[in-house]
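Contents: one structure, followed by commentary.
The values are calculated or read from the model by the stated rules, or taken from the named source; none is laboratory data. This structure is a prediction, so every number in the text was calculated from the model and none was measured. We place every Cβ from the backbone using ideal geometry, glycine too, and count neighbours over all the protein chains shown.
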2 protein chains.
Amino acid sequence: MIDIRDRVRNKELQSKIVSAEEAAAYIKPNMNVATSGFTPSGYVKAVPTALAKRMEKEPFKINLWTGASTGIEEDGALAKVNGINVRMPYQTNKELRNRVNSGDVEYIDMHLSESAQFARYGYMGGGIDVAIVEACAITEEGNIIPTTSLGNSASYVQQADVVIVEVNTTQPLELEGMHDIYVPLDPPHRLPIPIVKPNDRIGTPYIPCSPDKIKFIVPCDIKDHTRPLGEIDDCAKAMSSHIIELLNNEIKEGRMPANLLPLQSGVGNVANAVIHGFVESDLKDLSVYTEVIQDGMFDLIDAGKLSFASGTAFSPSPEGLDRFYKNIKEYRKHLMLRPEEISNSPEVARRIGVIAMNTAIECDIYGNVNSTHIMGTKMMNGIGGSGDFARNAYLTIFCTGSTAKGGAISSIVPFCSHIDHTEHDVDIIVTEQGLADLRGLSPRQRAKVIIEKCAHPDYKPMLLDYYERAVTATKNAQTPHIISEALSWHEKFVETGSMK
Amino acid sequence: MIDIRDRVRNKELQSKIVSAEEAAAYIKPNMNVATSGFTPSGYVKAVPTALAKRMEKEPFKINLWTGASTGIEEDGALAKVNGINVRMPYQTNKELRNRVNSGDVEYIDMHLSESAQFARYGYMGGGIDVAIVEACAITEEGNIIPTTSLGNSASYVQQADVVIVEVNTTQPLELEGMHDIYVPLDPPHRLPIPIVKPNDRIGTPYIPCSPDKIKFIVPCDIKDHTRPLGEIDDCAKAMSSHIIELLNNEIKEGRMPANLLPLQSGVGNVANAVIHGFVESDLKDLSVYTEVIQDGMFDLIDAGKLSFASGTAFSPSPEGLDRFYKNIKEYRKHLMLRPEEISNSPEVARRIGVIAMNTAIECDIYGNVNSTHIMGTKMMNGIGGSGDFARNAYLTIFCTGSTAKGGAISSIVPFCSHIDHTEHDVDIIVTEQGLADLRGLSPRQRAKVIIEKCAHPDYKPMLLDYYERAVTATKNAQTPHIISEALSWHEKFVETGSMK
């Protein structure tokens, strides 16, 4: 067993150091198990690996509540042995996704800002039997120093009957001090969250925890299994340049300050391309108030363009993680992690006025957005924090390539097959074809702009034809639709493999 | 002309008293005109009546931004003469609705909490050429004392080039002191809204305005043209009793304090029935944080059950208005009006933890809600504040009769024909048939509960049949749907006049 005694600063707690197997043996069938983890960062690794092994021989299920998605040693391992009953609030793991869609897992896909309070309010069915959180270290007082993500860990530790801490020796001790932990009181006692700019510090650098509550401490030396970053392709580059052009114009028109407003961007290729666009732009003194801090942020810091970034997880690529660890003394001046109910707080997002950039699976001609379901039925990942930001942003942007599956799918459709963000919440839609600015437009005006600017040329005539026939057919309609045809594009794809 | 000099306390301003016709003559084609009014309360009456008369002879259009819906002398009169180009953010008037659906009016249907800032951010296209607001009186400093609604008046006055004040002598001077006016700064300067309970006073009792900005003052003696309240029918009674039972159970289970949390309820019959249910219940020391204060609130005050109600409009029935005026000295101890960006603030709603009760047009079996469109195409009223509250409430309830049009329409459908509130935002669905508690359930679990508890017996077998066939057909689906049939119920209604 790895020696973690120097990271367990409370001497008495050192007697609670056990193996992962011993800790996993504590977990009983149907327990509500709440863990750290937000993206494949700061999730627990040793205990779920041991638990999955146990489940292989002795099949049972637990309910698993996390910050968001986790890595292969947690969601992957437990899904593989069919060990999860209820899962909330987000996932991205392939094996888990299959279990979700097959019905083995009851997946509660929710706004991330609401997940901790949803559990605290007692809405998930019962309390938390055991919280398992990854830590850099435990202080002399028993307080927990988190690692590369915060997610819901602080609230889960506060609520749990019992806490298991995985002390991960691959996580550098320089992470200590990079967290700002604040768990709001519940109504009717809640107070304003006193953040007015991304770098405001409002809480403690540790998760408060009494030593008595800690049942087991488990050593772990498995690194965050983060995901490689995709190449920035031409499609992402085109979207990025449309967005940068828009933002420059907002500054020119006096609708944004010269250093913009705090940026929020979803995870992935397009977000990465947009951030790269900023690195190459004339913009400076930028700030970020987002969920996930990825490689691009390090580029912005290195370029001297980022004053501060607040998130709830560091989720760089494997190379980005090495780079982060190596330069952590410099990067920690510019970065902070908060609980996701603060990083994604509607209150804070609206107050500071974030620029929200998130990815859509499909958009319809009236500006509704599907972020979660393939062809209206199959879960992809989940809504995540997109709704927290999209609803409350100063400017709400959704990006999507105009087609998918080599052109067989149009991402601009007559009617979304599932709706996660309504027409009331979307300001801007961007594809590689162009940018539709929907602000102040009625649905009929929006349809024309979205088709004109965003649709792929292969689908533009079909969309225009649908829209024009819908106008004629309905005569009196705020939102013209031929109801019998509204979902026919998806139907056609399911039947023929193409929307064409 | 009525003598309003005693209500215009600034002597110099008395020289600006003119007729409605004179003031209306100031308005030019294509101007952005922003007015007071939220429900048929506190809207402007004399100037739009005169303007509509002028438009009859000299046809032109203006863009009309208000607090929400207004009365017949404003929306009604201007719609009749086809005098509106762009209209935001909400409407309920029949003539206007026809203009919206026919395409004569570009209607921007938006979350009410966002409407003032949307205008301030410059997203509506240009600034406000003229603000017209109804007042009880003008102070010696030129500040404006509003009447029975606040809506967006304060922000509009602040933004406008020119202000026209309609001093309405039917509005009692005792309204003075019942308003709490606070306009947030815009990002990056915005601060926390310092409200932690419904009766917190954070602003001024008047709309700050420099006398120079006031161009005209127009006398008016037309009363608010409020709407009669419908009879509480058996359907509304049944829904009310399901809700009261739920809330009592929440208290019993320790998920709510004994005096509940602040109530928010939409406008109309069901809301009224629920409030009546509270009057007859054992609950006491209730508080309200809502948009619209209706007759039921007076009943709650008279029954000694309401500690405080905060809203943005008093919108009682005609009899209720008389009752309010008559007892205003007592009622004013318990009531306060705020700007709608405060009454509907997501920040405040989530912090104080409102219980949100709003009406749906239809709900689907997975918990999505349509609040706005008939058969997916025709605008009814608009989303109003339902999204502000539903997204941020402690508990989110949507009510609807299980059928409409004498049974020809099922309000529970396979797939909503328009979605305003997504599955992520809805905790409880109530019909007269029963109550579906969706908290912590996956879509497949939700479908079973919604069909079982909420569907009308005539439609229950059809819904179950759809759901079960969808499960079989999709096999792997978080949200089972037969895409080719998902909207077939609406299609059938459009073709045959019945969903049966």
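Observations on the model:
- Note on region B:214-246: among residues that are assigned to a helix (DSSP H, G or I) and either in contact with a strand residue (DSSP E or B) (Cβ under 7 Å, 6 or more places away or on another chain) or among the β-branched types (Val, Ile, Thr) (or both), the one that is nearest to B:Ala25 (Cα to Cα) is B:Met239.
- When region A:410-427 is limited to residues that are among the hydrophobic types (A, V, I, L, M, F, W, C) and not in a loop (DSSP other than H, G, I, E, B), the one that is farthest from the other protein chains (Cβ to nearest Cβ) turns out to be A:Ile412.
- Inter-residue pairs, beta-carbon under 7 Å, first part of a loop (DSSP other than H, G, I, E, B) and in region B:256-267, second crowded, with 24+ Cβ neighbours inside 10 Å and of a type in the set (Phe, Trp, Tyr), 6+ apart: B:Leu261/B:Tyr394; B:Pro262/B:Tyr289
- Here B:Lys329 clears all of (1) of a type in the set (Lys, Arg); (2) at pLDDT 95 or above; (3) touching a strand residue (DSSP E or B) at 6+ places or on another chain (Cβ under 9 Å) except the condition numbered (3).
- From the options B:Gly387, B:Gly407, B:Gly367, residue that is buried (at least 24 other Cβ atoms within 10 Å of the Cβ), more than 10 Å from chain A (Cβ to nearest Cβ), touching a residue at least 12 places away in the same chain (Cβ under 8 Å) and not hydroxyl-bearing (Ser, Thr, Tyr): B:Gly367
- Beta carbons closer than 9 Å, at least 6 apart along the sequence or on distinct chains, pair a first residue in region A:447-462 that is in the same structural domain as A:Val430 (by the TED database) with a second that is of a type in the set (Asp, Glu) and in a helix (DSSP H, G or I) for A:Lys460/A:Glu452.
- Single residue of A:Val267, A:Val348, A:Val292 found to be of a type in the set (A, V, I, L, M), closer than 27 Å to A:Thr35 by Cβ and within 14 Å of chain B (Cβ to nearest Cβ): A:Val348
- Checking each residue in region A:437-452 for being within 27 Å of the chain's Cα centre (by Cα) and within 14 Å of chain B (Cβ to nearest Cβ) picks out A:Asp437, A:Leu438, A:Arg439.
- Residue in region B:172-189 that is without any contact (Cβ under 8 Å) to a residue 40 or more places away in the chain, within 14 Å of chain A (Cβ to nearest Cβ) and in a helix (DSSP H, G or I) present: no
- Extreme residue, surrounded by the fewest Cβ atoms within 10 Å (Cβ to Cβ), among residues of region B:269-294 that are of a type in the set (Val, Ile, Thr) and closer than 24 Å to A:Pro188 by Cβ: B:Val279
- Within region B:152-168, residues that are within 14 Å of B:Thr204 (Cα to Cα) reach partners that are assigned to a helix (DSSP H, G or I) and among the charged types (D, E, K, R) with beta carbons closer than 8 Å, at six or more positions or on different chains, in the pairs B:Ser155/B:Arg120; B:Ser155/B:Glu341.
- With respect to the conditions (1) within 18 Å of B:Pro89 (Cβ to Cβ); (2) within 14 Å of chain A (Cβ to nearest Cβ), B:Ser315 lacks only one, and its number is (2).
- Cβ separations smaller than 9 Å between residues 6+ apart or across chains give the following pairs from region A:467-492 residues that are more than 7 Å from chain B (Cβ to nearest Cβ) to residues that are surrounded by fewer than 17 Cβ atoms within 10 Å (Cβ to Cβ) and of a type in the set (S, T, N, Q): A:Lys475/B:Ser102; A:Ser488/B:Ser484; A:Lys492/A:Ser498.
- Boolean, A:Met297 is surrounded by fewer than 24 Cβ atoms within 10 Å (Cβ to Cβ) and among the hydrophobic types (A, V, I, L, M, F, W, C): no
- Answer residue from region A:374-384, given it is surrounded by 21 or more Cβ atoms within 10 Å (Cβ to Cβ) and more than 8 Å from chain B (Cβ to nearest Cβ) and is nearest to the chain's Cα centre (by Cα) among those: A:Gly384
- Among the candidates B:Tyr156, B:Tyr182, B:Tyr206, B:Tyr121, residue that is within 30 Å of B:Pro318 (Cα to Cα), touching a Lys or Arg at 6+ places or on another chain (Cβ under 8 Å) and among the aromatic types (Phe, Trp, Tyr): B:Tyr182
- Checked against (1) in contact (Cβ under 8 Å) with a residue 12 or more places away in the chain; (2) in the same structural domain as B:Thr403 (by the TED database); (3) in a loop (DSSP other than H, G, I, E, B), B:Pro192 meets all criteria but (2).
- Restricting B:Gly296, B:Gly266, B:Gly277, B:Gly311 to residues that are at pLDDT below 95, within 15 Å of B:Val354 (Cβ to Cβ) and of a type outside the set (Val, Ile, Thr) narrows the list to B:Gly266.
- Members of region A:301-312 found to be part of a loop (DSSP other than H, G, I, E, B) and not basic (Lys, Arg), listed by number: A:Ala303, A:Gly304, A:Thr312
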